[in-house]
Every structure is written in C-alpha cells, then in structure tokens.
1. Specify whether the C-alpha gyration tensor of the range 186-314 places it in the rounded, prolate or oblate class, a ≥ b ≥ c being the square roots of the eigenvalues: rounded for a/c under 1.5, otherwise prolate if a/b is larger than b/c and oblate if not.
2. Within the chain, what percent of beta bridges assigned by DSSP are antiparallel, to the nearest 5?
3. Would the chain count as rounded, prolate or oblate if I go by the C-alpha gyration tensor, calling it rounded below 1.5 in a/c and otherwise prolate when a/b exceeds b/c, oblate otherwise?
4. Note down the nm distance, to one decimal, between modelled labels 7 Å out along Cα→Cβ at residue 5 and at residue 52.
5. Just check the range 115-233 against the gyration tensor rule for me: Cα atoms, a ≥ b ≥ c as the square roots of the eigenvalues, rounded for a/c under 1.5, and otherwise prolate or oblate depending on whether a/b exceeds b/c.
6. Which of 223, 117, 85 ends up with the largest GNM mean-square fluctuation for the chain, with Cα atoms connected below 10 Å?
7. Taking 0.36 nm per residue of separation and subtracting the Cα-Cα distance, what length does fully extending residue 148 through residue 133 add?
8. How large, in percent, is the carbon and sulfur part of the accessible surface of the chain at a probe radius of 1.4 Å?
Amino acid sequence: MYIRELSPAPDYPVRNGKPQFGSFTGPFGHFDIKGMKRPFGDLPLPVFITNIRVMERMRFLFSDDETIGEISIFNAGYFSFMETTLWNRITKYKTAYRRILPPGLMRGPRNFQSSVTACRTQKRYVKINTRLQKKMIYVDFDFIGSDSRPSTEAHLEMNLDRLGAADLSSLIPYGVKRRCQASYQVTGPLQGWISTGDKDHTISEEFGIGFLDVRKAYFSLRTKTSSLVGIARIDGKLVSFQLGNSVSGDDYRYNDNILFYDGIKHPLPPVRITRPYGVSGAWVIQDTESMVDLVFTPISVSSRNLSLFVVRTSYQTVYGTFDGTLLTGEGEPLVLKAFPGIGKKILLRI
C-alpha cells in the first residue's frame, strides 16, 4: 500500500533559496517560491530574472446535484487570463466566460489567511476571497451576457469548519530539483446561489461541494499538463480527489495526488493518464499500486486556443464522470459510478 508522509506545513516552502520538498497538512504561511538558485541550469542569471518564470494557476470548482463549474485563473505576470465554465448536470447545457487581462491587474494569493484574487473588467468580474482565519472561502462572479450566452452572477461560500473539510499543501520538484511547484488544495461543504438569465438556483450545504487548487511553479518555455478533479458525495460523505500526470522525476516520493474522504486525507500514488481516443474519448487513469483504477468519460468539452505575441496556449476543460475504484490509505475501496468531475488538458508555450 502506498504511503506518503504528511507533516505540518512550513512557514516558507522555499527558504534562503532552498526548497523544502514534501506533502503537508495546513497551508504554507507564505505562499511564495521565488528566490531559488539557478533553477534553469548553470547560467549565472540574476534571481530577479529567473523569478519571472514563476507563474501561478488558481482553480475553484463547485458542484451540487444540478450544477458543476470551474473558475480558472492563470497569471504569468506580463499577462493573465480568466475562464469560468458552467454546466447544467441535468440538461448538459454549457456556458463559458473568458477574459484576457493586461499586466498588473491580477495577482495570486501570498497568504491564505486573508487574501483576494480578482478579475475586474466592465463585463467580467470574479473574486476569490480566502479567509482561513475564519475557515471560510468566498467566491463571487458577475458576467454580462451576449447573444450567445446569458448573464450570470453568483455568490458561493465554502465552510472549512464543517464536517468533510480537509486540505493539503505540497512542494515538489518541477522537472528537476532546482525548480519546484508549490500547491495548496482544500475542499469543503459549499452553499450559495447562482443566477443565470431568469433562473435562480440555490446551492445547499447538504449537496454543495467546493474545491480550491492553487499552484505556483517555475514554468518551462513549453509546458504540458493533464489533471482531473472529482467532487461529489457518497452516502452523504464528502468525497473529492485530484489526480495529475507527474512533474517530478521522483514522483513516487513527491507528488500531490490526493483523496479527501469525509475530512480525512489519503495521499495517492503517481498515476498515468492516457487518452487513447483523444480528449473527447475516455480517459484512463491507473497507477502501479492498484489504488487508482478509473475511467473518465467526457460529457462536454470546452476548448480554447490563445495566441498573443510570444504566448501560445491550448487547453481543454472537460466535464465528465468517473467510473471505477479508488482505495483509501486503509485499503477501503470507494466504488465510483457516474461520479462527476472536471478534467483539464493544457499546453503552454510562454
């Protein structure tokens, strides 16, 4: 059975240029990885230059028995973009809202105890407010519609003081040990409301689930990632998990795959995600420890290609369902049947 030790999170994931690799309980005191020495080889580049390659991604996923959605934010310093995608789980109807932002208008969290990450433009507004000192995360968005999509607004609250809430911090090598990726993942019961067009939908804490995933990494010039998040309840217990292709050469020791089950953290081994029939076909997720054996079946795919000066991105956000089995750290099988989740496939050239 796979085991990955969890210890209390250090105040700084990188201290005096040295990374403190591992998986941890609780958030880092200062969510900052800048200052690593020569992360891109032996070239004597100044730290202020290599710090430019530290980029951040932030995702907030939410789901109940009727709706599933994702807010995705990427910040490269010299440009940022936001995408929010919503699906009606009953009708499969999809709406997506996007915005590219110029430099300096968005910054990710440095301290989760009290931070605000926001996208503010005339037609697109998103705010993610982490208030861990109050064990709350607040999310608001307001999008003006067009001929192809309705206006949408929402207010969501994830309560981390309720049964089922859990979190994980990680610092893992990013390709090589001179580079790193820091992440903070937290899940919990969710309540709030979403108003789309002339329809109002209330999310009750009995059915609502939220999942926040924040990452910072020394991105390479060309980056490919694949990840999957599942969020729902099984027999009333909150179940969420995150699985991604490995970014570390020592992925058995260092990865951030995790299963949150009824408030308990179960580290998962490295997995391999394959798509033998393309993004819109079945995704196969397996490991070598027989703890993960899943098939993710896409229901709806939202694709986006961006070309902006030297920036080239291609990504797909996929709503679908999981079928298969996950094992907890105690060997208890969780059988998933039509379990909702969102997959992500990203290619960045920056």
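1. Working: a/c = 1.69, a/b = 1.17, b/c = 1.45.
Because a/c hits 1.5 or more and a/b fails to exceed b/c, the range 186-314 counts as oblate.
2. Values: 155 of 159 bridges.
Among the beta bridges of the chain, antiparallel pairing accounts for roughly 95 percent.
3. Working: a/c = 1.39, a/b = 1.12, b/c = 1.25.
Judged from the Cα gyration tensor, the chain comes out rounded (a/c under 1.5).
4. Label at residue 5, label at residue 52, 4.0 nm between them.
5. Details: a/c = 2.17, a/b = 1.38, b/c = 1.57.
In terms of gyration-tensor shape, oblate.
6. Result for the chain, Cα springs under 10 Å: 223 fluctuates most.
7. Numbers: separation 15, 0.36 × 15 = 5.40 nm, distance 4.06 nm.
Difference between extended and current length: 1.3 nm.
8. Numbers: 7490 of 14860 Å².
Result for the chain: 50 percent of the exposed heavy-atom area is carbon or sulfur.
The values are calculated or read from the model by the stated rules, or taken from the named source; none is laboratory data. Keep in mind it's a predicted model, so treat the numbers as computed, not measured. For neighbour counting, all protein chains shown are included, and Cβ atoms are generated from backbone atoms with ideal geometry for every residue, glycine included. Protein only, heavy atoms only, side chains kept; ligands, DNA and RNA dropped before computing areas. Shrake-Rupley method; radii C 1.70, N 1.55, O 1.52, S 1.80 Å.
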